[in-house]
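Data block below; observations after.
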Amino acid sequence: MFPYFIMLIFCGIPLFFMELSFGQFASQGCLGVWRISPMFKGVGYGMMVVSTYIGIYYNVVICIAFYYFFSSMTHVLPWAYCNNPWNTPDCAGVLDASNLTNGSRPATLPSNLSHLLNHSLQRTSPSEEYWRLYVLKLSDDIGNFGEVRLPLLGCLGVSWVVVFLCLIRGVKSSGKVVYFTATFPYVVLTILFVRGVTLDGAFTGIMYYLTPQWDKILEAKVWGDAASQIFYSLGCAWGGLITMASYNKFHNNCYRDSIIISITNCATSVYAGFVIFSILGFMANHLGVDVSRVADHGPGLAFVAYPEALTLLPISPLWSLLFFFMLILLGLGTQFCLLETLVTAIVDEVGNEWILQKKTYVTLGVAVAGFLLGVPLTSQAGIYWLLLMDNYAASFSLVIISCIMCVSIMYIYGHRNYFQDIQMMLGFPPPLFFQICWRFVSPAIIFFILIFTVIQYRPITYNHYQYPGWAVAIGFLMALSSVICIPLYALFQLCRTDGDTLLQRLKNATKPSRDWGPALLEHQTGRYAPTIPPSPEDGLEVQPLHPDKAQLPMVGSNGSRLQDSRI
């Protein structure tokens, strides 16, 4: 938690504010904003690659949550007992040990069962076997795909249909849906929190959650995990913040927004920790083991440990429905942003009238492609690939992209220019703290975390399964595929830029393009004020502004909205 808050203050909030102000000033997605320095447009392509990877596997997580949600619609949860066809002789469920009726639990456990449960190596829980042997039908190797799990495939189709329908009219429809998906989880969290803290052993779990383990503070992995969590929860370097901010009004106070959203987001994460660990503490008390042996990580917490804890509660199907409904809503909120990022980048980049009118078809095409690319993740080896993408495709590449974005804006475009842009937009320059963080602190912290993460690198594992070398190599290729966009596009831009010498080309490739600045003519003041009214004879590229970002009816050159219909 200590590294988490350090990363929030010195990296999370400053980068969040930078991306919001960046997108809002230009009213462009993660590609269009790089008119600020065309040579670094590869950063935008890197963001798109990251969003593509996350969008593919994140919807698979949502589809598994859908599967558990549908499976909870029963009077007895299917992972409560060991009397199912998929269970093995090693299965030892708590509820199987006594004569239970109506989901009630025994006050105490028989001593022989407690002895058995304390030896976790000899016991597999019914929720773990349900997850591994029934839901996933897990294969023995990442290369052994086996069969596609049709129930998961169906749920994947449902989740993509839901995402598409919520985005069918772009931010107009998703904005309304998010009022529900962003607020209702608080209701569910509060219900689960009240239920959790009233259980026996809840205090033990909460104390485990709050007690610092200072010996881990020197581990680079802890700081790397804190950075990844901040980047994930705030959405930094995905391109989503830039995309969503591009739909804001030009003078919207994005500074206030960034502070409120960042603090609320992280406070929610801490609050959710109380909910999770109160239940895990109850479970540890029930089983007679330490909380550390109950807690799991990754998918294991959401789909093994927590579902098992829910079976111990009265009316367990109700709590299970609420929990997985909350997971679905939280996942959909993220997925909306990822899909909108890709669609907006495509629409803004092509920028002709046809694609502006047919944005729904672009959304449909991206959704269908995402579904097809997610099909292998519903196979028997799918969870191996999901974790591989989660660990490599969007981990250290996010911090590299953020670091280069900071450097390019602060040192290539110039910090004074950017601070003037923000003052023109908001009416005041960014506070001194943010100026220092953008220029020095945030890039330095990101760079050191990246170095230490490389030094303390450990190959990925899943439970006791060690990933083979070729799979790890694929993981690194996925990570590099987003980062490599930056130097490749820089070389491409350098080759096509005019200039007699390499230095002249470098200078021309990094300076802002002629159409950099506020999108609407009414906001183009100061150094952005047009000296000569633009006309079609200027030979400038016509870039229509996205309709959702426009306030005036006519489309002019340079992405401007012109009030004079004759022009």
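Show me the helices (runs of 4 or more DSSP H) found entirely inside segment 144-235 where at least 2 residues are in contact with a Lys or Arg (Cβ under 8 Å, 6 or more places away or on another chain) and farther than 22 Å from residue 320 by Cβ.
Values: elements: 150-166, 171-197, 202-210, 220-234.
Ranges flagged: 220-234.
Considered as a group, the residues in segment 213-224 that are over 22 Å from residue 398 (Cα atoms) and charged (D, E, K, R) include one that is surrounded by the fewest Cβ atoms within 10 Å (Cβ to Cβ), and that residue is 215.
Restricting to helices (runs of 4 or more DSSP H) lying wholly in segment 312-420: which have 1 or more residues that are under 30 Å from residue 188 (Cα atoms) and among the β-branched types (Val, Ile, Thr)? Spell out the reasoning first.
Working: elements: 316-350, 353-357, 359-374, 382-388, 396-407.
Those helices (runs of 4 or more DSSP H) span 316-350, 382-388.
Candidates 227, 267, 237: the one that is within 20 Å of the chain's Cα centre (by Cα), within 27 Å of residue 398 (Cβ to Cβ) and free of Cβ contacts under 8 Å to residues at least 12 places away in the same chain is 267. Evaluate the following for residue 208: is it more than 21 Å from residue 479 (Cβ to Cβ), of a type outside the set (A, V, I, L, M, F, W, C), open to solvent by 40 Å² or more (accessible area, probe 1.4 Å) and at pLDDT 95 or above? Here the answer is no, as residue 208 does not meet what is asked.
Based on this model, can you work out whether residue 386 counts as surrounded by fewer than 20 Cβ atoms within 10 Å (Cβ to Cβ), on the phi < 0 side of the Ramachandran plot and among the aliphatic types (A, V, I, L, M)? I'd like the intermediate steps shown before the answer.
Numbers: surrounded by fewer than 20 Cβ atoms within 10 Å (Cβ to Cβ): no; on the phi < 0 side of the Ramachandran plot: yes; among the aliphatic types (A, V, I, L, M): yes.
No.
When you go through 34, 79 one by one, which is the residue that is surrounded by 24 or more Cβ atoms within 10 Å (Cβ to Cβ) and part of a loop (DSSP other than H, G, I, E, B)? Exactly one of 34, 79 is surrounded by 24 or more Cβ atoms within 10 Å (Cβ to Cβ) and part of a loop (DSSP other than H, G, I, E, B), namely 79. Counting the residues of segment 445-498 that are under 29 Å from residue 301 (Cα atoms), aromatic (Phe, Trp, Tyr) and at pLDDT 85 or above gives 5.
Counting just the residues of segment 194-205 that are over 12 Å from residue 275 (Cβ atoms) and touching a residue at least 12 places away in the same chain (Cβ under 8 Å), which one comes out most open to solvent (accessible area, probe 1.4 Å)? Steps first, please.
From segment 194-205, those over 12 Å from residue 275 (Cβ atoms) are 198, 200-201, 203-204; that's our starting set.
Subsequent filtering for residues that are touching a residue at least 12 places away in the same chain (Cβ under 8 Å) retains 200-201, 203-204.
Values: 200: 96, 201: 19, 203: 149, 204: 81 Å².
Checking each candidate, the answer is 203.
Can you list residue pairs whose Cβ atoms sit under 9 Å apart, with the first residue in segment 435-458 being at negative phi and outside any helix (DSSP H, G or I) and the second being surrounded by 19 or more Cβ atoms within 10 Å (Cβ to Cβ) and not aromatic (Phe, Trp, Tyr)? Count only pairs 6 or more apart in sequence or on different chains. From segment 435-458, the pairs are 456/224. Looking only at segment 185-221, filter to residues that are out of contact with any helix residue (DSSP H, G or I) (no Cβ under 6 Å at 6 or more places or on another chain) and among the aromatic types (Phe, Trp, Tyr); which one of those is nearest to residue 367 (Cα to Cα)? Among those residues, the one meeting the criterion is 186. Set side by side, the residues 136, 153 differ, and just one is buried (at least 20 other Cβ atoms within 10 Å of the Cβ) and in contact (Cβ under 8 Å) with a residue 12 or more places away in the chain, which is 136. Out of 322, 330, 318, one residue alone is open to solvent by 10 Å² or more (accessible area, probe 1.4 Å), free of Cβ contacts under 8 Å to residues at least 24 places away in the same chain and not basic (Lys, Arg). It is 318.
Does residue 458 meet the test of being under 23 Å from residue 33 (Cβ atoms) and open to solvent by 80 Å² or more (accessible area, probe 1.4 Å)?
On the way: under 23 Å from residue 33 (Cβ atoms): no; open to solvent by 80 Å² or more (accessible area, probe 1.4 Å): yes.
No: the conditions fail for residue 458.
The values are calculated or read from the model by the stated rules, or taken from the named source; none is laboratory data. Since this is a predicted model, take the numbers as computed values, not measurements. Ideal geometry is used to build each Cβ from the backbone, glycine not excepted, and the neighbour counts take in all protein chains shown. With ligands, DNA and RNA removed, areas are computed over all heavy atoms of the protein, side chains included. Shrake-Rupley method; radii C 1.70, N 1.55, O 1.52, S 1.80 Å.
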